[in-house]
1. What's the exposure ranking of B:LYS76, A:LYS119, going from fewest to most Cβ atoms within 10 Å?
2. Classify the stretch B:191-265 as rounded, prolate or oblate from the Cα gyration tensor: take a ≥ b ≥ c as the square roots of its eigenvalues, call it rounded if a/c is under 1.5, otherwise prolate when a/b beats b/c and oblate if not.
3. Rank A:LEU184, A:HIS20, A:ALA30 by how far each Cα sits towards the positive end of the charge dipole of the protein assembly as shown (+1 on Lys, Arg Cβ; -1 on Asp, Glu Cβ) and give me just the farthest.
4. Contact order normalised by length for chain A, with contacts defined as Cα pairs under 8 Å and 6 or more residues apart; what percent is it?
5. Just add up the charged neighbours of A:ALA59: K/R +1, D/E -1, any other residue whose Cβ is under 11 Å from the Cβ of A:ALA59.
6. For the protein assembly as shown, what class follows from the C-alpha gyration tensor (a ≥ b ≥ c being the square roots of its eigenvalues): rounded when a/c is under 1.5, otherwise prolate if a/b is larger than b/c, else oblate?
7. What ranking of A:SER103, B:SER163, B:SER49, B:SER34 emerges when the number of other C-beta atoms within 10 Å of each C-beta is taken as an exposure proxy, fewest first?
8. Any idea how far the Cα center of the stretch A:179-240 sits from the one of the stretch B:155-188, in Å?
Amino acid sequence: MTILAASGWTAALGHPFFQHALLAGTAIAAAAGLTGYFLVLRAQVFTGDALSHVAFTGALAALALGYDLRIGLFAATILIALLLGTLGKRGRADDVAIGSVFSWILGVGVFFLTLYTTKRSAGNGGAGVNVLFGSIFGMSAAQALTAALVAAGICVAVLTIARPLLFASVDEAVAAARGVPVRLLGFAFLTLVGACAAEATQAVGALLLLGLLAAPAGAAQRLTDRPFRALALSAGLAVAAMWVGLGLSYAVPSMPPSFGIIAAATTAYAATFLPGIRRRTATTVAGLTA
Amino acid sequence: MTVKPTARVREASQQTDPQRSPAPARSPSGTVVSLRDAAVRVSGRTLWSGVELDVGAGEFVAVLGPNGVGKSTLVKVLLGVLPTAAGEVRVLGEQPGQAGQRVGYLPQRRSFDASLRMRGTDIVRLGWDGDRWGVPLPGRFGARRKAAARRIAEVIELVGAASYAHRPIGQCSGGEQQRLLIAQALVRRPELLLLDEPLDSLDLPNQAAVAALVGRICREEGVTVIMVAHDVNPILSRLDRVVYLAEGGAVSGAPEEVITSETLSRLYGTPIEVLRTSDGRLVVVGQPEAPAIHSDRHAAPGAGEGKP
């Protein structure tokens, strides 16, 4: 069994498309896991959901206007993330603001989809589907490298602001009194969430990226009550879900990679509800990081 | 007719000045907090003005007054979060907000969500290094890590929270959370502790216990404490001084001098009676809520003569 799995991985790693997917996927998953931990902690998961709609619209707008899809992705998600921050209080987007903005955004996305399919889609008919469900196995070497570098940048940025952001998220008034730039951190974090949503769209697609942001983070928070351990665990679970998903999808060709990735992430989250798992894992994690 | 509400009360506070000037015995070394003719405006409304206050090192001071009079606002001014509209404010010899970790703060609250998966020690730890960038690196800087762990354990022991500090804070009771938050405010060894209604929403035994804890911190650790309170009784026996805030100004002094029918009636411009129960508790009757003062002011005979 192990030998079979090992040989399967070796075979998979021989394919350039799989290497690209693994490179980009690992970095994107780590970024999503780190960002997702704070999204869950700050109860801003809904913001992530809204940004996935924005990602769809941004990508299709860029395609319809004839630009690189990624320019549209990043511009739209980061811009709207900052807009949501200004609408909400203290650099946190509130639910009403998000709810008002995001269905409208999705409508604009549908408009661009129609524009694109009627005017430009001659050579790339599946682009709309790729934006919605991701196309990680279709990445070129250059695209994978860019995605991995941007994701690594997001990881470094999240880790840099991690401690004051934790302080500001849990204990805003005291953090502000101690000189932590609470509002600025809120905006910086939303920018990172926007960039992360744009990245994750390339891996699992706009419809499913929320799963990669929320499920590993939710599982990590259920498994440990130490914040920095949970942060590391969230990133670890997201990367593991990415690897399992890519492996499954390679082994079962009819299974799309985004399904495999999200299924693995959701399974990990669901498993934390099984009796016995929480305590055992907590002990293992404690043993590993002690 | 323009009414200057400040004048009348400023006069009142001046009348109590002579009583106040002999500083309490326990403030030999310098002033920790001073306000000179300070005023604050929040969204266009003057909450208080003409406030004169000096708090000496090691004093335990209570800030009292009706709802909405700006007690929490005073704390925010001292923290440098809100600017003053007039006058001068010094905290530990600096502009408000400049003293950094030398000031510990416990906001009005605030209970943690029951689902929050963070231990009490993690909350206390945020008070230690939560304002530093980056993440704590495992294994490196061993000495610094040990110093942090030692101080955090020490302060948790000081507030008597050792038995539940490892539990998720959302699962701790209100009193337990309050002790952990006091530990968080104390962990960097501040010289001044600003507490905003720390006894609010606690049951009576916990009120007494937390009041005793704050009193002990003030005496034994030599920390100056300014506590906003709704009810003075749980802390009455430990106080060096009370400050009564009113729309126009403030009166401060020893509790027995300030919490009297005469002083409070003069401050609020309305008849107020202070009764003492057989067990020494004070009951203030007729203390107006802030909006009531506002309407009283116009009705009060001779209110207009307060023009300077």
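1. The fewest-first ordering by Cβ neighbours comes to A:LYS119, B:LYS76.
2. On the way: a/c = 1.85, a/b = 1.48, b/c = 1.25.
Prolate is the answer for the stretch B:191-265, as a/c is 1.5 or above and a/b outweighs b/c.
3. A:HIS20
4. Working: 461 pairs, mean separation 84.5, N = 290.
Across chain A, relative contact order equals 29 percent.
5. On the way: positive: A:ARG70; negative: A:ASP68.
Around A:ALA59, the charge tally is 0.
6. On the way: a/c = 3.16, a/b = 2.01, b/c = 1.58.
Here the protein assembly as shown falls in the prolate category.
7. Values: A:SER103 12, B:SER163 9, B:SER49 24, B:SER34 17.
The fewest-first ordering by Cβ neighbours comes to B:SER163, A:SER103, B:SER34, B:SER49.
8. 28 Å
Taken together, the values in this text are just the output of simple stated rules run on the coordinates, not laboratory data. These numbers come from a predicted model, not from an experiment. Positions of Cβ are backbone-derived with ideal geometry, glycine not excepted, and every protein chain shown enters the neighbour counts.
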